[in-house]
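Take a look at the structure set out below.
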Amino acid sequence: AQSVTQPDIHITVSEGASLELRCNYSYGATPYLFWYVQSPGQGLQLLLKYFSGDTLVQGIKGFEAEFKRSQSSFNLRKPSVHWSDAAEYFCAVGAGYSTLTFGKGTMLLVSP
Amino acid sequence: EAQVTQNPRYLITVTGKKLTVTCSQNMNHEYMSWYRQDPGLGLRQIYYSMNVEVTDKGDVPEGYKVSRKEKRNFPLILESPSPNQTSLYFCASRPPEDLYGYTFGSGTRLTVV
């Protein structure tokens, strides 16, 4: 069965600093990979997705993620974090017939 | 505006009192799904529906029921709620041509005392 691991429960980053959120997946076939963001009191919003092709994927709000098959990873990055990026971030893998399996989430805190 | 609407947003209830959380989408999506979100556990799928009158269990279906009598609505029913069902619930839908193009509702925070 597929699984997603987000090793960091909380991460604190200074505003303007770079960000990398880690995600490792386990899936037997070629994975479909996703990053979602959840702002307080809101539903989930899709940041970016990887299906195939270029392993560096650009998303909304200045985020990008890189698929590394050899490391089973799909880490999310942003070069300069803004206070409005404070939220919870979920990595997910798509498997089977449109089933999404989510990681446990990483809470991003942005310090001034 | 294309959206998934859940009601209520917040609900406090007592153990054993039946309740229904409604979910409605205006995008004519065939596929709909319910998730629960718990701290440290992420989102886990409760039930999903691939079309009208077609529903199936997700990873954590115990204690829940669903129905799909119309394409737009997918209510989540708790026949006898228990405190371990205190959680944040999300409904989602997607179009048939985009297997992972989900639109999520804003969530329902349920507390069972």
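Quick note: the coordinates plus some simple rules give every number you see, no bench work behind them. Quick caveat: nothing in here was measured; it's all calculated off a predicted structure. Because the Cβ atoms are built from the backbone with ideal geometry, glycine has one as well, and the counts that use them run over all protein chains shown.
Brief remarks follow.
- Failed criterion for A:GLY53 (all others in (1) assigned to a loop (DSSP other than H, G, I, E, B); (2) closer than 20 Å to B:ASP38 by Cβ hold): (2)
- Taken over region A:23-44, the residue count meeting the criterion of being closer than 20 Å to B:TYR10 by Cα, more than 7 Å from chain B (Cβ to nearest Cβ) and in contact (Cβ under 8 Å) with a residue 12 or more places away in the chain is 3.
- Residue list for region B:3-23, filter: away from chain A (no Cβ under 14 Å) and among the hydroxyl-bearing types (Ser, Thr, Tyr): B:THR13, B:THR15, B:THR20, B:THR22
- Strands (runs of 3 or more DSSP E) wholly inside region A:1-42 that include at least 1 residues being touching a Leu at 6+ places or on another chain (Cβ under 8 Å) and surrounded by 13 or more Cβ atoms within 10 Å (Cβ to Cβ): A:10-14, A:19-21, A:24-26, A:32-38
- So B:GLY40, is it at the interface with chain A (Cβ under 9 Å from one of its Cβ atoms) and not in a strand (DSSP E or B): yes
- Top-ranked residue of region B:85-96 - restricted to ones that are surrounded by fewer than 20 Cβ atoms within 10 Å (Cβ to Cβ) and within 11 Å of another protein chain (Cβ to nearest Cβ), ranked as nearest to A:LEU46 (Cα to Cα): B:PRO95
- Residues within region A:71-105 that are more than 10 Å from chain B (Cβ to nearest Cβ) and farther than 21 Å from A:THR30 by Cα, tallied: 12
- Qualifying residue in region B:67-77 (condition: crowded, with 21+ Cβ neighbours inside 10 Å and either in contact with a strand residue (DSSP E or B) (Cβ under 9 Å, 6 or more places away or on another chain) or more than 14 Å from chain A (Cβ to nearest Cβ) (or both)): yes
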